[in-house]
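For reference, the structure discussed in these notes is given below.
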Amino acid sequence: MAEATNNAVKPQSALGEFWYYFTRSKGAVIGLAVFVIVVLMAIFAPLIAPHLPNEQDRTLLLLPPSWMQGGNASYLLGTDPVGRDIFSRLVYGARFSLFIGVVVVSLSVVLGVVIGLVAGFAGGKTDIVIMRVMDIILAFPSLLLALVLVAILGPSLMNAMMAIALVNLPHFVRLTRASVMTEKTKDYVVGSRVAGARWPRLMFITILPNCLAPLIVQATLAFSAAILEAAALGFLGMGAQPPTPEWGTMLAEAREFISRAWWVVTFPGLAILITVLAINLMGDGLRDALDPKLKRS
Amino acid sequence: MSDLLFEAKGVEVTYGMSKGLFGHGRPGVRVLHGVDLAIRRGETVGIVGESGSGKTTLGRALLKLVPVSGGTIRFDGQDITNLAPEAMRPLRRRMQMIFQDPMASLNPRHSIRQILTEPLFLHGLATDRRDAERQVRAILDRVSLPPVTLERAPHELSGGQRQRIGIARAVLMKPDFVLADEIVSGLDVSTQAQVLNLLKALSQEMGLSMAFISHDLSVIRAVCDRVTVMRFGEVVEEGPCETVFDAPQSPYTRLLLDAIPLPEIDDGWLTRPAPVLETAA
């Protein structure tokens, strides 16, 4: 169908506008670039990694990085105490880190948004009960609570992810509830009620899209926090179990060699640092781009 | 069946009342003190009063958008005062509302097409997408907006266009009653006239009953058959438009009438003492 645009300046699409404001921040673009590299690394791990993550070479234990004396070109970042290539393990480890981030964030976003919507929308006693439970979860130091949960459920990557998701939950519930409470008094919600919408429709189709901006930002930041907490749990032996090439677990396995072979702990640590930093920078950029109050410069 | 469409008797609304978790709640503030209002079929009733007089609350109480703490509201002979939300739904189609600020009343994340077609599906007024599209295009044409408007988001339209969308959304449901809450107070004078004329024409075509809330008596006079004057949550005066405007019984109505700006400039307007009203009855 032919459509005549009557105004000379075509209004920017929402996505175009978002991209414009996102690229205003250098940090966000760098963060996005690094994040894309990590994602590609995870996807094409078998092509990038020169060795299999669990392949051991008994003759090459604690080999230093390739540029140092005694290094071997096929082991770019050296080998660990049992002769596995650290670079290959890091590349495969990216899969676990991203997997953890995705699972934890989707779990806590979905649950948190639904609970937050119900709390904000229903109000009254439902709201009070839900928010007090969330306050109780928040009252525990998050890593400690996750540790306790994993200790109860048994140490494994899956249980660690569920524990971290639960720890992250209150942030999403509070954020959603706060947005819902400001949005639900607005006239367009009344308009929808007059139009005959039932409450599930009001909640999910009328109100929710207007609450998404802060949630997206919180989700990115929770993504990096999840990676960090999974690494911490792995380091404490409560997360992914050896020989899984998870970054935190790699750190834990190598800690006794910290004075003899610095590369076994440094590179997994750097991998965590760089990934988390990149995602946080991206999250900040997202917030600036999605927050209408900061937009009009 | 009587020709009364809406009949409100002794309506009371209390805001901020809470039960409290442990039994001791707050009593709340009563903003309507037993208001009576009757709206006949095909009639436009104006509700006037200063800010805080309870006119918006009264309108919303009629549509059951705020909880009523006392009195009865009958719609088309049926008592709807304590009707459950689910029982209220079929009646919702028959009572529509146009809002003061169309920017706030149109969902910013939805396109105009979504805003207009959704209510049709909610009430089963459209059988499929094409039928809905046809109805929506017809109504857009009626409110003099081009079909391209459907692709737009609310923030891409002008104030007058947005208010036309608000009107289109209300009349699309083929209602019996429309509540128009200060619908022209955010528009400039020439747009006001267009919007009012459109609404008047539509109400005559469709035989609509309307409650027209405004603080502007000249607007009320232009569109209404009868007028209800409110102050402090009570009805001060009620009657046919001409009677109330030509021979106001209450001093408060007199005061409101005197507040209409006149086209000729009165030399002494600055030095003249402000009109004072003794405490309300």
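Amide hydrogen proximity for residue B:98: with H placed 1.01 Å from N in the peptide plane, the residues at 5 or more positions away or on another chain lying under 5 Å are B:179, B:180, B:181. Whole-Hz Karplus values for segment B:193-201 come out as 4, 4, 5, 5, 4, 4, 5, 5, 4 Hz, taken residue by residue from phi with 6.51 cos²θ - 1.76 cosθ + 1.60 and θ = phi - 60°; glycine and proline positions read x. Considering amide H positions built from the backbone, and no H for Pro or chain starts, which residues 5 or more places from residue B:228, or on another chain, come under 5 Å of its amide H? Here the answer is B:46, B:47, B:48, since their amide H atoms fall under 5 Å of that of residue B:228. Near the amide H of residue B:210, within less than 5 Å, lie the amide hydrogens of B:43, B:44, B:45, B:178, all on another chain or at least 5 residues away, with H placed in the peptide plane.
Within chain A, which complete DSSP H helices have Cα atoms spanning at least 30 Å along the helix axis and a mean Kyte-Doolittle hydropathy of -0.5 or higher?
A:86-122, A:157-183, A:212-235, A:263-290
Rounded to the nearest 5, the antiparallel percentage of DSSP beta bridges internal to chain B is 55%. Counting only other chain Cβ atoms within 10 Å of each residue's Cβ, the peptide A:192-204 averages 6.
For residue A:54, neighbours were defined as the other residues whose beta-carbon sits under 13 Å from its Cβ, and their charges (Lys and Arg +1, Asp and Glu -1) total -4.
Ranking B:230, A:147, A:197 by how far each Cα lies toward the positive end of the dipole of the protein assembly as shown (charges on Cβ) leaves A:147 at the top. If Lys and Arg each add +1 and Asp and Glu each add -1, what is the summed charge of the other residues whose beta carbon sits under 11 Å from the beta carbon of residue A:83? Net charge in that neighbourhood comes out at -2.
Where both bridge residues fall in the protein assembly as shown, DSSP classifies roughly 55% of the beta bridges as antiparallel. Using a Gaussian network model of chain A with C-alpha springs under 10 Å, which one of A:36, A:109, A:264 is most mobile by mean-square fluctuation? Evaluated over chain A, the most mobile residue of the options is A:36. With point charges of +1 on the Cβ of Lys and Arg and -1 on the Cβ of Asp and Glu, referenced to the Cα centre of chain B, which listed residue (B:195, B:107, B:261) lies farthest in the positive direction of the dipole? Checking the options against the dipole of chain B, the answer is B:107. Each Lys and Arg contributes +1 and each Asp and Glu -1, all at the Cβ; summed about the Cα centre of the protein assembly as shown, the dipole is approximately 1100 debye.
Electrostatic bookkeeping for residue B:30 treats Lys and Arg as +1 and Asp and Glu as -1; over the other residues with beta carbon under 12 Å from its beta carbon, the sum is -2.
Where a number appears in this text, it was derived from the coordinates with a stated rule and is not lab data. Everything numeric here is computed off the predicted structure, so don't read it as measured data. Heads up, the Cβs are rebuilt from the backbone with ideal geometry, glycines too, and the neighbour counts pull from every protein chain shown.
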